[in-house]
1. Considering only residues that are among the charged types (D, E, K, R) and open to solvent by 50 Å² or more (accessible area, probe 1.4 Å), look in the stretch 287-316 and name the one that is nearest to the chain's Cα centre (by Cα).
2. Which condition number in (1) outside any helix (DSSP H, G or I); (2) crowded, with 19+ Cβ neighbours inside 10 Å is the one that Val327 fails?
3. Return the residues of the stretch 43-90 that are part of a loop (DSSP other than H, G, I, E, B), under 24 Å from Thr300 (Cβ atoms) and β-branched (Val, Ile, Thr); say none if nothing qualifies.
4. Filter the stretch 144-165 down to the residues that are open to solvent by 70 Å² or more (accessible area, probe 1.4 Å) and within 12 Å of Leu195 (Cβ to Cβ) and list them by number.
5. Within the stretch 184-194, does at least one residue satisfy the condition of being of a type in the set (S, T, N, Q), within 25 Å of the chain's Cα centre (by Cα) and closer than 23 Å to Val112 by Cα?
6. Got at least one residue in the stretch 292-300 being assigned to a helix (DSSP H, G or I) and touching a residue at least 40 places away in the same chain (Cβ under 8 Å)?
7. Please find, within the stretch 17-49, the residue that is most open to solvent (accessible area, probe 1.4 Å) out of those that are aliphatic (A, V, I, L, M) and out of contact with any Phe, Trp or Tyr (no Cβ under 9 Å at 6 or more places or on another chain).
8. Could we say that Ser256 is free of Cβ contacts under 8 Å to residues at least 12 places away in the same chain and under 19 Å from Arg368 (Cα atoms) here?
Amino acid sequence: MIDTQRPDATASAHPVLRSHAEDAFAEELEALAAADDHPRPAGWRLSPRAVSTYLLGGEAPGAQQVITPKYVGPRRVVEVAIATLATDRALLLLGVPGTAKTWLSEHLAAAVSGDSTLLVQGTAGTAEEAMRYGWNYARLLSEGPGRAALVPSPVMRAMGEGMTARVEELTRMPADVQDTLITVLSEKTLPIPELGEEVQASPGFNLIATANDRDRGVNELSSALRRRFNTVVLPLPETEEAEVEIVSRRVEQLGSSLGLPAPKGAEEIHRVVRVFRELRQGVTADGSTKLKSPSATLSTAEAISVVTGGLALCAHFSDGVLRAGDVAAGIRGAVVKDPSADAQVWREYLESVVRERDGWKDFYRACRETE
C-alpha cells in the first residue's frame, strides 16, 4: 500500500504550497495499488501497467476511481520510460525546457517507490557529497569515522532502501561529479573507502536523471556514463490542441493551490499557445507566413506561467475573466529576452500576423500597450 502518513503529507496539520506527487495523488495511488493484480518488479509499489495508467490516466480495471492524466504525450514514450526502470538500466529524460521532464520524473518516482523526494538538484556548484555521502563533522571529531557520523546522499538512501533516486539537470553538474554515478549504475554499489565498507543496492533501486538538450556543451556526459543510461527524448506537444490541454490542466491545478478561481476565458489560453507555437516553429499555424524566432525557448512551461500570471491579475484586479490585457505583458516578457533582437522579432510578429488576424484586434491593442 502507498504510505500517506509521511510527516509532510497533505493530511498533516501544516499546509504546504505544493504537495509532493505521492501526497497530492495519494487516493489514486491507493486505488491503483488495491486493484493492481499484474506482476510487480521487486520493490515496486505498482506494476508497470498500473504506473502507466497513473501517468496517462483512465479507468483502472477494478479501481473505483477515475485516474487523472499526469502527462499528456505519446503513450509509447511513457511505456519505454517505465520499462527502463524495470530493468537494471537508469533512465535519462532528455528534452528542451518545458517538456515536463521534472514533472514526469517526480510522478514516476511516486508511482514506483511511493516517494519522489530522494532528489539531487544539479547545478554548477553541486559537490560530490551530494551524489555520494558527507560527514557530520561534530560526530566525526567526537566519535571518529563511523556510520553514525556519515550523512547519506539521496542516492545512497535510495540504494539502501530500494527506492528511486532523482537527479535533476545532470549536465549542469561538473563532469567529475557526474562520473561518481558510474560505479553506482554499473556495479550497483557505493564504496565508502574511509570505512572500508560499501552500500549495495537493494531490489527496487534505480535512478531517473533529467537533462536539457539545449545545454549540450555545458558539461557533456562522458561516454562511460551515457552508456549506463537508457535515454528517452520527451517531445514538445505534437498539436496545438494537445498543448492547450496541458496548459489548461496545469493552470487549473496551480490556480487551485494558489487560491485562484478556475480560469474563465479559454480563448486567451488558445491565443497564448498559438503565439508560442508560431514563434517557436518559425511559421504561422496555416503555414502561409514564415517568421523569425526569438532567442527565448517559448516552452509549454512558460505558457503555463504566462496564463497563471494573467489569471492572478484578473482574479485580484478585475472580474475574474481572463482577457487579452491580462496575458499581454507576460507574453512580451517571455518572448523578449534580448532587448534588441527579440524586441524586433516581437514587433514584426505583431504587425505582420497579429494585426491582420480576424478576431485578434483586442489582443493586438493589448500587446502594443505593453511596448
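1. For the stretch 287-316, the residue satisfying everything is Lys292.
2. Failing condition for Val327: (1).
3. Residues satisfying the conditions are Thr68, Val72.
4. Passing the criteria: Pro145, Arg147.
5. No, every residue in the stretch 184-194 fails to be of a type in the set (S, T, N, Q), within 25 Å of the chain's Cα centre (by Cα) and closer than 23 Å to Val112 by Cα.
6. Yes, the stretch 292-300 has at least one match.
7. The extreme case among them is Leu17.
8. no
The values are calculated or read from the model by the stated rules, or taken from the named source; none is laboratory data. Worth saying up front: this structure is predicted, and the values here are computed from it rather than measured. Positions of Cβ are backbone-derived with ideal geometry, glycine not excepted, and every protein chain shown enters the neighbour counts. Only protein heavy atoms, including side chains, enter the accessible area calculation; ligands, DNA and RNA are left aside. Shrake-Rupley method; radii C 1.70, N 1.55, O 1.52, S 1.80 Å.
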